[in-house]
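Remarks on the structure that follows.
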Amino acid sequence: MKQIDLHVHSSISDGTDSPTELVNLAIKKGLSAFALTDHDTVDGVDEAIAAAENTELKVIPGVELSTHFDKSEIHIVGLFLDYKNPELAHFLRVQRESRINRNIQVCQKFTEIGIPMTYEKILEIYGNVSITRAHFADYLVNNGYTGDRNEAFDRYLSPGKPCYVKRHKVDPKDAIYIIHAAGGVAILAHPILYHLGKTQMESLVSYCCENGLDGIEAIYSTYKMGDELYIKRIAKEHNLLISGGSDYHGKNKPHIQLGTGMGHLFVPYEILDNLISHQPPGR
C-alpha cells in the first residue's frame with residue numbers, strides 16, 4: 001500500500017533537512033507523496049518541487065499557520081496551496097514581521113538575564129529562515145547554557161518563563177480564510193497536543209467548522225490508538241476530512257522519522273485521494 005506524509009518541516013522553518021534533502025529522504029523511504037508545511041512560510045516549496053521533478057514523488061505545497069483560540073495556540077495546516085498567491089504572500093509577510101519582532105524581544109530578554117544574544121547573530125548562524133523558539137533552544141544547547149532543548153524550553157522559552165515573548169497570532173478563521181483564498185484545504189493540526197477537555201475540544205472544532213474548516217489531523221506520530229479513534233469520531237460528527245502526518249523536523253525531533261513517526265505511523269494514499277476529491281470547484 002502506498003504511503004504518504006502530510007505534515008513535514010524543512011530547514012526553511014524549524015526542521016534540519018533542506019527541501020532537497022527531504023525529497024531524497026522521502027524517495028529513499030518509498031513515500032509516494034509528502035506535504036511541505038513549514039511554519040508561516042512557503043519559501044521552500046519551489047526547491048522541493050524542483051528536486052522531485054522527474055521522480056514519482058508528489059510534493060504538495062503547504063504551510064502551517066499559528067493561530068490563537070481561547071488562550072491556546074492552535075495550528076492550522078494548509079494543503080494544495082497556490083503558494084504564489086498574492087493574498088497568501090501578504091499574509092505570510094505580516095506573520096514573518098511579527099515573528100521577527102518577537103525574536104528581537106527574545107534576544108533582549110536573554111541578554112538582560114546574562115546570556116548575551118543578538119538577532120543578527122541568530123541570523124548569522126541559522127540563515128534567513130523562519131526563526132522559531134526551536135532555534136533559540138538549539139543556540140542555548142550549542143553554547144552550553146542548557147543540556148538539551150527540553151531544558152531550554154523548560155527554563156527559558158515556554159509561557160511564563162523569563163525569555164518567553166508572546167507573538168501576535170491570528171484567529172483560526174483568518175488562517176482558514178487565507179488558505180481557502182490560496183485554493184487550499186484547511187486542516188486542524190494535531191488537536192490532541194492542545195490538551196483540551198472534551199468541552200473545549202468541541203468548542204474549538206465547532207468554531208473552526210463554522211468558519212470553513214475542511215479536515216482534521218487524525219493520524220499523527222505521537223497519537224495512541226485511543227487518540228486516533230477519538231479524533232476520527234470527531235471528524236465523523238463534524239463531517240471533516242481526515243489528514244495525517246509525522247510532523248517531521250529532522251534532528252530537532254530525532255524520535256520522529258519521516259513517514260513512520262515513532263515507528264508505527266502509516267498514512268495511506270487513500271487519505272490524499274479523499275482530500276483531493278473533496279476539494280470544492282475553484283479551490
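The values are calculated or read from the model by the stated rules, or taken from the named source; none is laboratory data. Source: prediction; values computed, not measured. Every residue, glycine as well, gets a Cβ built from its backbone with ideal geometry; the counts of neighbours run over all protein chains shown. Heavy atoms of the whole protein, side chains included, go into the accessibility calculation; ligands, DNA and RNA do not. Shrake-Rupley method; radii C 1.70, N 1.55, O 1.52, S 1.80 Å.
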For the chain, what relative contact order do you get, as a whole percent, if you take Cα pairs closer than 8 Å and at least 6 residues apart?
23 percent
Considering only protein heavy atoms, what is the solvent-accessible area of Y83 at a probe of 1.4 Å, reported in Å² to the nearest 10?
50 Å²
When the Kirkwood radius is taken over all Cα pairs of the stretch 98-256, what Stokes-Einstein diffusion coefficient follows at 10 °C and 1.306 mPa s, in µm²/s?
89 µm²/s
Given points 7 Å out from each Cα along the Cα-Cβ axis, report the Q200 to H168 separation in nanometres with one decimal.
2.6 nm
Gain in span if fully extended, T222 to S277, counting 0.36 nm per residue against the direct Cα distance:
17.0 nm
Taking all protein chains in place and a 1.4 Å probe, what share, in percent, of the accessible surface of the chain do carbon and sulfur account for?
50 percent
Can you give me the angle between helix 198-210 and the longest principal axis of the chain, using Cα atoms only, in degrees from 0 to 90, rounded to the nearest 10?
70 degrees
How high is the FRET efficiency between K121 and H255 when r is their beta carbon distance and R₀ equals 30 Å, given to the nearest 0.05?
0.55
Per-residue HN-Hα couplings for the stretch 21-35, Karplus 6.51 cos²θ - 1.76 cosθ + 1.60 at θ = phi - 60°, whole Hz, x for Gly and Pro?
5, 4, 4, 4, 5, 4, 5, 4, 7, x, 6, 8, 7, 8, 9
Using a Gaussian network for the chain with springs between C-alpha atoms less than 10 Å apart, which of these wobbles most: G62, G250, G212?
G212
Among [x] 48; [y] 42; [z] 37, the entry that matches percent of Cα pairs over 26 Å apart as calculated here:
[y]
How long is the gain from K232 to N54 if the chain were fully straight, where each residue apart is worth 0.36 nm and the alpha carbon distance is subtracted?
60.5 nm
Compute, for M262, the solvent-accessible surface of its heavy atoms (probe 1.4 Å) with the complete set of protein chains present, and express it in square angstrom to the nearest 10.
100 Å²
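Taking the Cα centre as origin and putting +1 on Lys and Arg beta-carbons and -1 on Asp and Glu beta-carbons, what dipole magnitude results for the chain, to the nearest 20 debye?
Around 560 debye, computed over the chain.
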Protein-only accessible surface order, largest first, of I125, I176 at 1.4 Å
I125, I176
